[in-house]
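Q: Quick one: this structure, given as structure tokens, is what I'll be asking you about.
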Protein chains: 2
Amino acid sequence: MTGPIPPLVTTSGTQGGPTDLTLTPTGERPALRADAARNRTRLLEAASHLMSECGAANLTMEAVATAAGVGKGTVFRRFGDRTGLLIALLDHREQQLQAAFLSGPPPLGPDAPALERLHAFGPALIRHERDHHELILAARTDPLRNYTVPANRLRHTHVKLLLRQAGAKGDTDLLAHTLLAAADTALVHHLTVERGMPLDRVEAGWHELLDRLARTS
Amino acid sequence: MTGPIPPLVTTSGTQGGPTDLTLTPTGERPALRADAARNRTRLLEAASHLMSECGAANLTMEAVATAAGVGKGTVFRRFGDRTGLLIALLDHREQQLQAAFLSGPPPLGPDAPALERLHAFGPALIRHERDHHELILAARTDPLRNYTVPANRLRHTHVKLLLRQAGAKGDTDLLAHTLLAAADTALVHHLTVERGMPLDRVEAGWHELLDRLARTS
DNA sequence: ACTTTAAACGGACTTCGGTCCGGTTGGACC
DNA sequence: GGTCCAACCGGACCGAAGTCCGTTTAAAGT
């Protein structure tokens, strides 16, 4: 990872000033040469396939390269590192969720009042994360990287905006972080799987927390 | 890591039922053979020394082993894996903080009202984590492991107990997780270092959050 | 002191992430 | 079509984590 600008996963979602009101999904990509683009999709398909067989934890870069019929160096050039590949896989699966809360029908989408959207967002997020917890946890090697991942920045901005629209008083930036932390994959997995807590209770926790954080007084 | 019971770092702090009211620090260890104990401290000292020279990120197991004058296998036998070694280093540095909130003077210690203790706990925790953020972040390879680390379980139980004593309504278990997440090393580091947020604001966020979570109505 | 055994030891070995660099090629511009 | 170059490709190579297993030893019992 010494290349000048390894065009990793994707930017966007939150590019310019902090008051950018129009959020966009994390899809766009910087324009790749034909062969590179072809190899990119091949690699993602190979990785996705291998993952469904061996599990995300056992996914090796060399295996992906071989399965895609390219050299190992190519994988690293394209995705930077193992985590980059996993994040790219995730990003693809996130499109659905993003579409749902950015432009989908109420109560998640923009045609519902902010507070209602937030209440709907929690369970949607929690379930999405639970569905992909294996991949998400495998992609979390570097604890700081989460805050850089476009999809997560998008979530944060989204929640922050909704909190403001809902008239929440206080440091909405921090409150958004707090709210998102309550739906964190690792936490939810720990609670539900390792400690046997029913998912309902976790979701109830979200609503309860939201009620307290969104107070307008 | 195939050994039957690699007696890793230490247990205790939260052993039995969930209503164990007397918390104890995370110091005790299962009793080691003389040579093993000797090598253990040698290893920790060597690791600590190497870390202060090269940084936690560049600490290699082989270097630690060599510096301590033992074989590589010995390091792994004792600490299980790299993370185990780092956690052991951390555990040692945590004793001070634990003593402060378990048995120290008010407002952190037991001679202050619960809510006041919680308010004092945040800044203490945040600063402690910032002082050791390098080690803490390096030790966080597996996102699920945090919830298993004795020191973190102790913190959680501590906060949960204080919330109850303060008369907080709601799911105190979840609320404790939320509160601790607000002081999480990775988050605080991201906010203060990468985003330039002043530490005061993060601490203010703790107090604000606590006020909302500890509501008794 | 002697035996015994579970525990500890060490270092060769395997595996995998990540780097490097010489060779190849898409595609823009003439 | 020809030239040119930035971007791409691949696989040898490196470093470090973690495993394995034959050898050594602390220490408990006799």
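The values are calculated or read from the model by the stated rules, or taken from the named source; none is laboratory data. Note that the structure is a prediction, hence the values are computed from the model and not measured. Don't worry about glycine lacking a Cβ; one is built from the backbone with ideal geometry, like all the others, and counts go over all protein chains shown. Ligands, DNA and RNA are excluded from the accessible area calculation, which covers all protein heavy atoms including side chains. Shrake-Rupley method; radii C 1.70, N 1.55, O 1.52, S 1.80 Å.
Q: Sorting B:157, A:66, A:41 by accessible area (1.4 Å probe), largest first, what list results? Provide the component values of the computation, followed by the final result.
A: On the way: B:157 15, A:66 100, A:41 75 Å².
Final ranking, largest accessible area leading: A:66, A:41, B:157.
Q: Okay, next question. For segment A:32-80, what is the convex hull volume of its Cα atoms per residue in Å³? The partial results should precede the final answer.
A: Values: hull volume 3.0 nm³, N = 49.
Residue-normalised Cα hull volume stands at 61 Å³.
Q: Okay, moving on. Can you give the Rg to Rh ratio of segment B:46-149, both from alpha-carbon atoms, with Rh computed by the Kirkwood formula? Numbers along the way, then the final one.
A: Details: Rg = 16.4 Å, Rh = 15.2 Å.
Radius of gyration relative to Kirkwood radius: 1.08.
Q: Could you work out, residue by residue across A:82-91, how many beta carbons of other chains sit within 10 Å of that residue's beta carbon, and then give the average as an integer? Write out the running numbers ahead of the final one.
A: On the way: counts 0, 0, 0, 0, 0, 0, 0, 0, 0, 0.
For this peptide, the per-residue mean of nearby foreign Cβ atoms is 0.
Q: Oh, and also: Taking beta carbons within 10 Å but only from partner chains, what does the mean come to for residues B:204-215?
A: Values: counts 3, 7, 1, 0, 7, 8, 0, 2, 9, 5, 1, 2.
The per-residue average across the peptide is 4.
Q: 7 Å from Cα along Cα→Cβ at both residue B:58 and residue B:195: what's the point-to-point distance in nm?
A: 3.1
Q: Something else: Using every alpha carbon pair in segment A:82-217, what percent of pairs falls into each 10 Å bin from 0 up to the bin containing the largest distance?
A: 12, 43, 36, 9, 0
Q: What's the ranking of A:124-130, B:111-117 by average number of surrounding C-beta atoms within 10 Å, highest first? All intermediate terms of the calculation are to be shown ahead of the outcome.
A: Working: A:124-130: 19.1, B:111-117: 16.0.
Result, highest mean first: A:124-130, B:111-117.
Q: Still on this structure, I have one more. Please give the average number of partner chain Cβ atoms lying within 10 Å of the Cβ of each residue in B:167-179, rounded to a whole number. Don't skip to the end; give the middle numbers.
A: Numbers: counts 0, 0, 1, 6, 7, 0, 5, 11, 5, 0, 7, 10, 2.
The shielding value for this peptide is 4.
Q: Please label the shape of the protein assembly as shown as rounded, prolate or oblate, based on the square roots a ≥ b ≥ c of the eigenvalues of the alpha-carbon gyration tensor (a/c under 1.5 means rounded; beyond that, a/b larger than b/c means prolate, else oblate).
A: On the way: a/c = 1.88, a/b = 1.08, b/c = 1.75.
Verdict is oblate for the protein assembly as shown.
Q: Let me ask another. Please compute the modelled spin-label separation between residue B:38 and residue A:207, points set 7 Å along Cα→Cβ, answer in nm with one decimal.
A: Taking the two extended label points, one gets 6.3 nm.
Q: Additional query: In nm, give the distance between the simple-model label positions of residue A:72 and residue B:103, each being 7 Å from the Cα along the Cα-to-Cβ direction.
A: Those two pseudo-labels are separated by 5.3 nm.
Q: 222 nm [θ] for chain B, helices only, -39500 (n - 2.57) per DSSP H run of 4+, per residue, to 500?
A: Values: 10 runs with 129 residues, N = 217.
Rounded to the nearest 500, it is -19000 deg cm²/dmol.
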